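Novice: I have a structure I would like to understand better, so I am pasting it below and will then ask my questions one at a time.
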Amino acid sequence: MPELPEVETTRRGIEPFLVGQHVGRVLVRNPRLRWRVPSSLLKQLPGQRINTVSRRAKYLLLATDVGTVILHLGMSGSLRVVDSREPAGKFDHVELVLTNGDCLRLRDPRRFGAVLWTDADPNTHKLLADLGPEPLESTFSGAYLHQVSRGRTRAIRDFLLDGRIVAGIGNIYANEALFAAGIRPTRAAGRISRAGYDRLATAIRATLKRAIKAGGTTLRDFRGGDDKPGYFQISLKVYGRDGQPCLTCQTPIRIHRLGGRSAFFCASCQTLG
Ligand SMILES: [Zn+2]
C-alpha cells in the first residue's frame, strides 16, 4: 500500500509535468473507485490550468483556479505521466489528458483509490478537515504528541495510525519509528513520557525522510515507461521480520495482532516509554 513517502515521491515525480499545463479532457474508463468519480470534476476541470501539485497526508491535490482535484492511491494505485496516444491498460481507470499531448494516468487494480473534486478550500473537505499535523512540518513535535496523548489508553501504534493525531502515518512507518524510539507498540499512549515522545517524533521524521530520499531514485520512472513507478524498498528493521533476529540485539522479532493490523517489535530493544 502506498504510504506517505510513496505519495510524496509520486508528487515530486509528476509535479514537473503538470504544473502550468492545461487539462484538455478527462477520460474515465471506470468511475467506480473507492467513491464514484464525480460529474462535477468532468464538468469543471477541462480547460483549467494546473497551478500546483501538493500533498496533504496521503492525498495529492491538483489545484486550479476554479477547484482542486483530490487524488488518493488507495491500496494499489499509481500515477504516471505518459503520451496520451499510448494504449491504456485494463486497470488504467482515469486519465487527465493535457493539451500538450501528455496525460496523467491512474492505474488502480483494486480500485480503492479516489479521484474527487472540490471547488472549496480542499482543507475543509470532509476527508481532509479533521487531519492532524503533517509529520514533516514543525507543528508536529514530541511536545505535541505528549500533550494530545494525556489520558489516552490506546496502544501507541494505533494512536500513530489515527490521522486525526498525525497525518499519513501507516503501519510500516509506525512500527519502524517505534523500534527506532525503543517504544513497545502496545504501550498505552498516555503512559509515554515527554522524553519518549521527543525520541518518537524524531524517529518518525527520520524514518519518513529516509524513505523519501530512497524514493528519489525512482523519480524518473514517473514519465513514460511501463513499470509501476514510485515503489521502492527501504531496509525495514522490524516490519514483516517476525521470527528473524533483531538487527541490534539478535532477539527474534515478535509479531502481535493489534486492532486487526500486525505490530512488530523487539522485546529487548523496545522497553522504554
Ligand atoms: Zn533488539
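Novice: When only the heavy atoms of the protein chains count and the probe is 1.4 Å, how do D198, D102 rank by accessible area, highest first?
Specialist: D198, D102
Novice: As I understand it, the value is the acute angle between the Cα axis of helix 171-181 and the longest principal axis of the Cα atoms of the chain; what does it come to in degrees, rounded to 10?
Specialist: That works out to roughly 40 degrees.
Novice: Per DSSP H run of at least 4 residues, take -39500 (n - 2.57); add these up for the chain, divide by its residues and hand me the 222 nm value, nearest 500 deg cm²/dmol.
Specialist: On the way: 6 runs with 68 residues, N = 273.
Helix contribution divided over all residues of the chain: -7500 deg cm²/dmol.
Novice: Another one. From largest accessible area down, sort W117, W35; use a 1.4 Å probe on the protein chains.
Specialist: Values: W117 25, W35 90 Å².
Heavy-atom accessible area, descending, gives W35, W117.
Novice: Taking the Cα centre of the chain as origin, work out the dipole magnitude from +1 charges on Lys and Arg Cβ and -1 charges on Asp and Glu Cβ, in debye rounded to 20.
Specialist: Values: 42 positive and 24 negative charges, 173 e Å.
In debye, rounded to 20, the chain gives about 840.
Novice: While we're on this one: Rounded, prolate or oblate: which fits region 30-167, taking a ≥ b ≥ c as square roots of the Cα gyration tensor eigenvalues, rounded meaning a/c under 1.5, else prolate when a/b beats b/c? Please list the in-between numbers first.
Specialist: On the way: a/c = 2.51, a/b = 1.92, b/c = 1.31.
In terms of gyration-tensor shape, prolate.
Novice: Between E15, E134, E86, where does the largest GNM mean-square fluctuation fall for the chain, given springs only between Cα atoms within less than 10 Å?
Specialist: Of E15, E134, E86, the Gaussian network model singles out E86 as fluctuating most.
Novice: With N set to the number of residues, divide the alpha-carbon radius of gyration of the chain by 2.2 N^0.38 Å and report two decimals. Walk me through the numbers before you get to the answer.
Specialist: Working: Rg = 19.9 Å, N = 273, 2.2 N^0.38 = 18.5 Å.
Rg over 2.2 N^0.38 Å, computed on Cα atoms: 1.07.
Novice: Could I ask something else about it? Taking the square root of 5 times each eigenvalue of the Cα gyration tensor, what semi-axes in Å does the equivalent ellipsoid of region 69-146 have, largest first? Could you put the intermediate results ahead of the total?
Specialist: Values: eigenvalues 201, 43, 32 Å².
Semi-axes, largest first: 32, 15, 13 Å.
Novice: Please report the Cα spread of region 1-84 along all three principal axes, rounded to whole Å, starting with the longest.
Specialist: Over region 1-84, Cα extents along the principal axes are 31, 28, 25 Å.
Novice: In the chain, how many lysine pairs have Cα atoms under 27 Å apart, counting only pairs 8 or more places apart or on different chains?
Specialist: Taking the Cα cut-off of 27 Å, the pair count is 15.
Novice: Let me ask you something else. Comparing P46, P87, P122, which has the greatest mean-square fluctuation in the GNM of the chain with Cα pairs linked when under 10 Å apart?
Specialist: P87
Novice: I'd like the orientation of helix 4-18 relative to the chain: the angle between its Cα long axis and the longest Cα principal axis, in ° from 0 to 90, rounded to 10.
Specialist: Taking Cα atoms only, the helix is inclined about 20 degrees.
Novice: Within 15 Å, Cβ to Cβ, of D121, how many net charges do the neighbouring residues add up to if Lys/Arg are +1 and Asp/Glu are -1?
Specialist: Numbers: positive: R56, K126; negative: D65, D119, D130.
Result for the local shell: -1.
Novice: Could you give the semi-axes, largest first, of the ellipsoid that matches region 103-144, computed as the square roots of 5 times the alpha carbon gyration tensor eigenvalues and rounded to whole Å?
Specialist: On the way: eigenvalues 153, 49, 21 Å².
Equivalent ellipsoid semi-axes, largest first: 28, 16, 10 Å.
Novice: Could you compute the net charge surrounding R34? Neighbours are other residues with a C-beta less than 10 Å from the C-beta of R34; K and R count +1, D and E count -1.
Specialist: Details: positive: R32, R36, R110, R111; negative: D108.
My count for the surroundings of R34 gives +3.
Novice: Still on this structure: Round to the nearest 0.05 the FRET efficiency obtained for R154 and I255 when R0 = 22 Å and r is the Cβ-Cβ distance.
Specialist: Details: r = 19 Å, r/R0 = 0.88.
Efficiency, rounded to the nearest 0.05: 0.70.
Novice: With every protein chain in place, what's the accessible area of R56 (1.4 Å probe, Å², nearest 10)?
Specialist: Roughly 40 Å² of R56 is accessible to a 1.4 Å probe.
Novice: How long, wide and thick is region 124-273, going by the Cα atoms along their three principal axes, in whole angstroms, largest first?
Specialist: In descending order, the Cα extents are 50, 45, 27 Å.
Novice: Nothing charged except the Cβ atoms of Lys and Arg (+1) and of Asp and Glu (-1): what's the magnitude of the dipole of region 110-258 about its Cα centre? Round to the nearest 20 debye.
Specialist: It comes to approximately 640 debye.
Novice: Further question on the same structure: Per 10 Å bin, what is the whole-percent P(r) computed from every C-alpha pair distance within region 106-185?
Specialist: All Cα pairs, binned at 10 Å, distribute as 15, 41, 30, 14, 1 percent.
Novice: A further question follows. Using 0.36 nm per residue, how much length does the chain from T99 to N123 gain when fully extended, once their Cα-Cα distance is taken away? Before the final figure, lay out each step's value.
Specialist: Details: separation 24, 0.36 × 24 = 8.64 nm, distance 2.81 nm.
Difference between extended and current length: 5.8 nm.
The values are calculated or read from the model by the stated rules, or taken from the named source; none is laboratory data. The structure displayed is predicted, hence computed values, not measured ones. Heads up, the Cβs are rebuilt from the backbone with ideal geometry, glycines too, and the neighbour counts pull from every protein chain shown. Just the protein is used for accessible areas: all its heavy atoms, side chains included, with ligands, DNA and RNA removed. Shrake-Rupley method; radii C 1.70, N 1.55, O 1.52, S 1.80 Å.
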